[in-house]
1. Tell me yes or no: at least one residue of the range 223-234 is surrounded by fewer than 21 Cβ atoms within 10 Å (Cβ to Cβ) and either modelled with pLDDT of 95 or more or of a type in the set (A, V, I, L, M, F, W, C) (or both).
2. Could you list, ordered by first residue, the pairs with Cβ atoms under 9 Å in which the first is in the range 285-300 and farther than 14 Å from residue 275 by Cα and the second is at pLDDT below 95 and away from ligand 2 (no atom under 16 Å from the Cβ), at least 6 apart or interchain?
3. Just checking, which of 304, 260 is away from ligand 2 (no atom under 16 Å from the Cβ), of a type in the set (Asp, Glu) and under 24 Å from the mean Cα position of the chain (by Cα)?
4. With the requirement that a residue be closer than 16 Å to residue 234 by Cβ, polar (S, T, N, Q) and more than 8 Å from ligand 1 (Cβ to nearest atom), what does the range 185-216 give you?
5. Picking from 114, 43, 26, which residue would you name as being buried (at least 19 other Cβ atoms within 10 Å of the Cβ), more than 18 Å from the chain's Cα centre (by Cα) and modelled with pLDDT of 85 or more?
6. Could you tell me whether the range 299-310 includes any residue that is surrounded by 18 or more Cβ atoms within 10 Å (Cβ to Cβ) and small (Gly, Ala, Ser)?
7. Applying the selection to the range 134-163, what residues are under 12 Å from residue 110 (Cα atoms) and more than 16 Å from ligand 1 (Cβ to nearest atom)?
8. Can you tell me which of 186, 149 is touching an Asp or Glu at 6+ places or on another chain (Cβ under 7 Å) and without any contact (Cβ under 8 Å) to a residue 60 or more places away in the chain?
Amino acid sequence: MPKNRMPKNHQAAAAGGGEESAEGRVAAMYADRCLVWSEGEEVVCAMRGRLKGRLTPVVGDRVRIVRNPDGGGTVTVIEPRTRVLIRRQANRKRISRASEAQVLAANVDLLVVVASLRRPPLRTGLVDRFLAAAAMAEIPPLICITKLDLDPGGEFEAVREAYAGLKIPVLGTDIHRAETLGPLSDALGGSVSVLVGHSGVGKTSLLNLLTGLEMEVAEVGFQKDRGRHTTSTARMIRLSGGGFAIDSPGIREFGLHGVEPAELAGLYPDFRPYLDGCGFRDCLHLSEPGCSLVAALKAGHITEARYAGYRKLLEELREV
Ligand SMILES: Nc1nc2c(ncn2[C@@H]2O[C@H](COP(=O)(O)OP(=O)(O)O)[C@@H](O)[C@H]2O)c(=O)[nH]1
Ligand SMILES: [Mg+2]
Ligand SMILES: [Zn+2]
C-alpha cells in the first residue's frame, strides 16, 4: 500500500512548553482563530505565535490547548497527522501551481462518499476519484447514495451491485424516511468520518438529521438540476451517539495529490488482482504489450467505466 505522503509544510511539528494543557480536536478553521472540541465543549482558540506560519491546523487535527481565564484558549501543539485527506487544487490555467495541495481533513477513520442519483445526477467518475483518494490515504471508504425518493427505477440496486464487487459498502438514504438513516448513523458512530461529494447531494441535510443541528442547506436549482455551493469550509460536528462527522465544502473537482502515475492502478481494488501479470514492471496499462489489466478489461473482469476513469486520472497525473 502507498504511504501517506504529506507535503513538507503540512507535516505536524510540536511547539509549546510545559504549561497545563488539554487534548483537543480542531472542529473548524477561521482566518486567525479555530474552534476546538476539548473536554466536551467547543473552545474558540487562537494559535500560539510559534505555530503561526510554520503550520496551519486543519479540521480533524489533534491538538493541545491552554485555556485562558476568559473561556477561550490557545493552540500550543499540533500532533502528528495520520490518514490525511488531501486534494490537488483545481488547476484552471495556473499550470505552475497545478499540484498545490489542500488538506481537507486529518486523522480520518472513514471516508463517506456521498452521491445522489438525480439532482444532481450521479457522477461515478467523481465517486471513483474519492475512492482512489481514500485508498491513497488508507482511509476505509463507504458510499452513501442519497435521495432514494428520486429513484423510482431502482438504479440504487445497480450501483450497490457495482460496488459490492469492490467490497465497498453502499448505503442508501432518503431524508423523508428516518428509517433509512439508521445504517448510516451506525456506520458513523464512535469514529471520525468525513462526508465528501458534489455540492447539493445532501451531505449537510444528512448531518443535520443525525445531529439535530440546523446547518444551512442548499436549494437545488430546478432548471439546472445542480446543487448550489453553501458549506464553504470543513466543519466537524459531534454525533449524539459518539464520534464526529466532518461536513466538507461541496467539491466539483477533486484531483489526486501525491500519487505517482505508476502506482495509480494499485489504488483500484478491482484492478489489483491483474497488476502482477503485466510484461513491464512500471506498466501504466494503456497500450503496452502483454498488459494483463487490459486483458482483464477485454475479458470483462473489470468495467469500462472504472477503466475509463482510471485513464482520465492517469492523464491528469501525467500533466502535473
Ligand atoms: N428529494 C430529496 N432531496 C434531498 C434529500 N436530501 C437532501 N435533499 C435536498 O438537496 C438539497 C441540497 O442538500 P444539502 O444538504 O445542502 O447538500 P450538500 O451540498 O451536499 O450539503 C436540499 O434542497 C435538500 O433539501 C433527499 O433524500 N431527497
Ligand atoms: Mg453542505
Ligand atoms: Zn499493464
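1. no
2. As it stands, the answer is none, since no pair meets every condition given.
3. Details: 304 fails: under 24 Å from the mean Cα position of the chain (by Cα).
When all the criteria are applied, what remains is 260.
4. Correct list: 193, 211.
5. On the way: 114 fails: more than 18 Å from the chain's Cα centre (by Cα); 26 fails: more than 18 Å from the chain's Cα centre (by Cα).
Of 114, 43, 26, the one residue that is buried (at least 19 other Cβ atoms within 10 Å of the Cβ), more than 18 Å from the chain's Cα centre (by Cα) and modelled with pLDDT of 85 or more is 43.
6. Restricting attention to the range 299-310, the residues satisfying the condition of being surrounded by 18 or more Cβ atoms within 10 Å (Cβ to Cβ) are 302, 306-307, 309-310.
Those still in the list that are small (Gly, Ala, Ser) too: 309.
Scanning the range 299-310 turns up at least one residue that is surrounded by 18 or more Cβ atoms within 10 Å (Cβ to Cβ) and small (Gly, Ala, Ser).
7. Result: 134, 135, 137, 138, 139, 140, 141.
8. On the way: 186 fails: touching an Asp or Glu at 6+ places or on another chain (Cβ under 7 Å).
Every option except 149 fails the conditions.
The values are calculated or read from the model by the stated rules, or taken from the named source; none is laboratory data. Note that this is a predicted model, so its numbers are computed, not measured. We place every Cβ from the backbone using ideal geometry, glycine too, and count neighbours over all the protein chains shown.
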